[in-house]
Amino acid sequence: LMLERIKAVDEKVQAFITVCGEKAMEQAKKVDEKIKNGEPVGKLAGIPIGIKDNICTEGIYTTCGSKMLENFNPPYNATVVDRLLAEDAVILGKLNMDEFAMGSSTETSYFKKTRNPWDLERVPGGSSGGSAAAVAADEVYFALGSDTGGSIRQPASLCGVVGMKPTYGLVSRYGLVAFASSLDQIGPLTKDVEDCAMVLDIIAGYDKADSTSIDGKKQDFLSALSEDIKGMKVGIPKELFAEGVSEGVKERIYEAAKVFENMGAIVEETSLPYSGYALAVYYIIASAEASSNLARYDGIRYGYRADNYEDMIDLFMKTRSEGFGKEVKRRIMLGTYALSSGYYDAYYKRAQKVRTLIKRDFDRAFETYDILISPTSPVPAFKIGEKMNDPLQMYMSDICTVPINIAGIPAISVPAGFENGLPVGLQIIGKPFDEATILKAAYAYE
Ligand code: GLN
């Protein structure tokens with residue numbers, strides 16, 4: 001049934017890179033058999049889901065939205081995929097994204113442009129635009145995305161769904177194609193907060209295959225949900241309302257603050273003085289890590305290989321200039337520059353120092369507040385093509401989400417009304433590993 005819906009809807013939305021019809025039917029039959037035989041089934045028995053195309057799926061193409069990995073068929077599953085399959089979920093396919101997750105509109109994908117289900121002339125956000133659009137258009141029940149600087153929350157916001165970036169280290173990155181390893185996290189895109197808590201319950205937890213995975217105690221996010229947030233302390237960081245945030249978005253977020261107040265929370269304005277540097281810091285660190293991570297695509301081991309090369313160097317050069325798109329090349333050059341001798345101290349090292357200052361701002365705020373709230377995206381969904389020729393304008397899309405990745409802390413985006421008929425997202429930020437409080441606040445608000 002869902003496969004038929006995808007056939008009908010995806011012609012317009014273009015959320016999928018790969019639809020796995022046969023494999024999905026096989027998995028669904030397996031679950032059916034279990035039920036018929038009276039065997040116990042998982043929490044996600046038969047639920048149709050989608051996976052962002054930078055998360056490895058055994059025997060299913062994982063392209064990262066790039067020509068470089070157009071024919072890459074991973075021999076293994078990411079840990080998160082194994083966990084979902086262990087609960088008997090059914091993977092319907094792989095979802096479109098900006099190439100190697102670099103972008104805020106899903107327009108840098110090598111394959112197609114995904115459209116926002118609310119207005120097909122507009123972008124779904126990015127880089128997990130396929131994931132957000134597929135959930136919003138009811139093509140899947142939920143999807144996984146990845147978030148390095150906002151790539152789960154910003155598309156969730158633009159498509160009117162829920163999206164969460166967990167604390168760095170809560171969810172295993174094993175099998176996630178690396179963009180910026182110190183910032184990347186996998187997380188859920190769902191219809192509502194309850195589903196988000198349930199999916200997080202399943203994908204979170206220690207994994208020895210990821211050296212940055214944290215061996216904490218297992219939490220139960222679903223049972224943390226409750227309507228009672230009386231006395232909760234909510235901070236509004238004024239810096240996250242500054243540059244480029246539209247009046248309509250501001251209004252929706254201040255209305256949300258009122259809702260929290262009416263539920264008995266204490267709401268105050270606060271400050272994160274260094275957060276204004278977050279975007280600059282992000283583009284140094286993320287590009288530096290990307291330049292290193294993407295060095296592996298050399299045409300030798302796997303992925304695209306150019307033909308008609310003269311020698312090894314020529315093979316590397318042709319492969320990489322033909323296999324990568326413009327935005328990816330821009331990041332590799334920026335990152336290589338920031339890491340090169342003579343510039344390392346001036347750019348990379350300084351960015352790391354400011355990163356610490358940004359983190360301390362949050363530590364200080366969380367001495368007083370349980371959560372912080374802000375817009376997720378400064379503006380609702382923009383027109384396809386509108387920002388493609390202006391990378392700096394595109395980078396501004398993440399002005400409110402990037403500080404959270406820099407600090408390694410968790411945040412969710414939940415729908416908070418509309419501006420001119422387009423969804424607006426509220427961002428709720430929490431303490432490290434305190435997803436439970438974020439989810440509780442989001443659930444009460446919703
Ligand atoms: N839009 C940001 C970028 O282009 C964030 C991407 C992401 O979170 N993967 O880098």
Of all accessible heavy-atom area on the stretch 229-370, the percent that carbon and sulfur account for (1.4 Å) = 53
The stretch 67-125, Kirkwood Rh and Cα Rg, ratio Rg/Rh at 1.05
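I need the Kirkwood Rh of the chain: take the reciprocal of the average 1/r across all distinct C-alpha pairs and report it in angstrom.
By the Kirkwood definition, the hydrodynamic radius is 21.8 Å.
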One finds the C-alpha centres of the stretch 296-324 and the stretch 207-268 to be spaced, in Å, by 45
Using the Cα gyration tensor of the stretch 106-146, with a ≥ b ≥ c the square roots of its eigenvalues, what is the shape: rounded (a/c below 1.5), prolate (a/b larger than b/c) or oblate (neither)?
-> oblate
Would you mind computing the Rg to Rh ratio of the stretch 52-193 from its alpha-carbon coordinates, Kirkwood style for Rh?
-> 0.93
Whats the longest run of the chain with zero trypsin sites (Lys or Arg not before Pro) that are DSSP loop and have at most 12 other Cβ atoms within 10 Å?
-> 1-207
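So what's the net charge close to residue 81: Lys and Arg +1, Asp and Glu -1, counting the other residues with Cβ under 14 Å from its Cβ? Please report the intermediate quantities before stating the final value.
Values: positive: 23, 52, 83, 94, 173; negative: 53, 58, 82, 87, 88, 207, 210.
Net of charged neighbours comes to -2.
Only bridges with both residues in the chain count here: give the DSSP antiparallel percent, nearest 5. Write down the numbers at each step before the final one.
Working: 30 of 45 bridges.
Among the beta bridges of the chain, antiparallel pairing accounts for roughly 65 percent.
Hey, what's the Kirkwood Rh for the stretch 191-277 if you take every pair of different alpha carbons, in angstrom? Before the final figure, lay out each step's value.
Numbers: mean 1/r = 0.0617 Å⁻¹.
Final number for the Kirkwood radius of the stretch 191-277 is 16.2 Å.
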Cα extents of the stretch 175-239 along the three principal axes, largest first, in whole Å?
-> 40, 33, 26
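Write down the accessible area per residue of the chain in Å², having rolled a 1.4 Å probe over the full set of protein chains. Each step should come with its number before you reach the end.
Working: 17940 Å² over 446 residues.
It amounts to 40 Å² per residue over the chain.
Any idea what the dipole of the chain comes to, in debye rounded to 20, about its Cα centre with Lys/Arg Cβ at +1 and Asp/Glu Cβ at -1?
Working: 50 positive and 61 negative charges, 146 e Å.
With only Lys, Arg, Asp and Glu charged at Cβ, the dipole is about 700 debye.
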Compactness check, the stretch 228-276: C-alpha Rg relative to the 2.2 N^0.38 Å globular estimate gives 1.23
Local charge sum around residue 60 (other residues, Cβ-Cβ under 13 Å, Lys/Arg +1, Asp/Glu -1)?
-> -1
Quick one: work out Rg over Rh on the C-alpha atoms of the stretch 296-430, Rh as Kirkwood radius.
-> 1.09
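Can you list the equivalent-ellipsoid semi-axes of the stretch 29-103, largest first and in whole Å, using the square root of 5 times each Cα gyration tensor eigenvalue?
Numbers: eigenvalues 162, 25, 18 Å².
Value: 28, 11, 9 Å, ordered largest first.
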Taking the alpha-carbon centroid of each part, what is the distance from the stretch 90-156 to the stretch 355-378 in angstrom?
-> 26
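So what's the convex hull volume per residue for the Cα atoms of the stretch 185-335, in Å³? List each step's numbers first, then the result.
Values: hull volume 30.0 nm³, N = 151.
Normalising the Cα hull of the stretch 185-335 by residue number yields 199 Å³.
The values are calculated or read from the model by the stated rules, or taken from the named source; none is laboratory data. Note that the coordinates shown come from a computational prediction; the quantities given were computed from them, not determined experimentally. Neighbour counts run over all protein chains shown; Cβ positions are idealised from the backbone, glycine included. Keep in mind that these areas ignore ligands, DNA and RNA; they rest on the heavy atoms of the full protein, side chains included. Shrake-Rupley method; radii C 1.70, N 1.55, O 1.52, S 1.80 Å.
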